[in-house]
Amino acid sequence: MASGTLQIDFLGSGSAGNATLLRCADQQILIDAGFDAATLSERLEQVGSSPAEITDLLITHLHDDHVIGAAALAANEQLRIYGLAPAIKRASVRGNGWRRHYLSAGQVVDLGACRLWPFAVPHDSRGGALGFRIETPCGERLGFATDIGAITAEVIKALSGCTILAIEANHDRERLWAGPYPQFLKHRIASQRGHLSNADAARLLRRVLSPALRAVYAIHLSETNNCPKLVRDALSKVLPTTIGLQIVEQHRVQRYPPAAQQLPLFAACTSRAASGA
Ligand SMILES: [Zn+2]
Ligand SMILES: [Zn+2]
């Protein structure tokens, strides 16, 4: 990877586990660690990384499919961990030397050379849940929103003007209600503190579309109540054909940008851009 570009490896996404690796200059930022320790280590290895190389761990919320594998990073003494206090507590392993950064929704912080804007997302997670907007020195703006029950003004503001979006498209409403889940669980998923349907994700995209947007990744698909074709049908109705749409799978690693698109489309940072000009 050329220095100064942003590379993203989606290590898998869905209710069986979530983790996404961002590489920018000398930082390796992991968003969520929701696979068991062995699986997380194996997926990092698949993309040429390892638990020891992660510089920053961002936790969206404390559900197991987002934190269960944090123990894989226990021996990494350089790690900085970011999240809401209950999520950090849940992810932390006794005796590790991690530097803890407690986030508040709406409060922008430095994330090494990047800027991190955490924003609140409505979800039934004890202590709350966050989405992230990450701005890199070379001008990429990644909006990341998963496990999000409703589209709020705060969510729209944080995702507007991004160059890359990773947005939950959890279920197809008809499939959910006709599907095998118990009634209480269907209500939970469809609630304002549950998960976004494909139709909701399309509605959100329509609200945050901008000329800057180049790529959209649909994440956290339900393997029971959704399928890639339904997501693609729903989201491609609102996306111009110039914007790449990828459906992130549960069991496969997917990279941004795809190899054919790397340079010169995604030019390396100049010193001017890196200085924030
Ligand atoms: Zn989840
Ligand atoms: Zn959750």
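Points worth noting:
- Sum of side-chain charges, C162 neighbourhood, beta-carbon under 10 Å (Lys, Arg +1; Asp, Glu -1): +1
- In the chain, helices alone account for a calculated mean residue ellipticity at 222 nm of -6000 deg cm²/dmol, with every DSSP H run of four or more residues adding -39,500 (n - 2.57).
- Overall, the ratio between the Cα radius of gyration of the chain and 2.2 N^0.38 Å, rounded to two decimals, is 0.94.
- Cα-based Rg and Dmax for region 26-108, where Dmax is the largest Cα-Cα distance (Å): 11.8, 34
- Rounded to the nearest 20 debye, dipole of the chain from Cβ charges on Lys, Arg, Asp, Glu: 680
- Span-rule helices in the chain, defined as complete DSSP H runs reaching 24 Å or more along the axis (Cα) with Kyte mean at least 1.0: none
- Shape of region 60-186, Cα gyration tensor, a/c cut at 1.5: oblate
- Working from Cα pairs under 8 Å separated by at least six residues, relative contact order for region 6-274 is 17 percent.
- Measuring r between the beta carbons of Q78 and H251 and using R0 = 30 Å, the FRET efficiency lands at 0.50.
- Each of L6, L196, H220 was placed along the dipole of region 6-274 (beta-carbon charges, centred on the mean Cα), and the one lying farthest toward the positive end is L196.
- Listed residue (A166, G97, V108) projecting farthest to the positive dipole end of the chain, Cβ model: V108
- Local electrostatic count at P258 - Lys and Arg +1, Asp and Glu -1, tallied over other residues with Cβ under 13 Å: +1
- Surrounding net charge for I151, when Lys and Arg each add one and Asp and Glu each subtract one, Cβ distance under 14 Å: +1
Coordinate-derived values only; no laboratory data. From a predicted model like this one, the values you see are computed outputs, not experimental measurements. We place every Cβ from the backbone using ideal geometry, glycine too, and count neighbours over all the protein chains shown.
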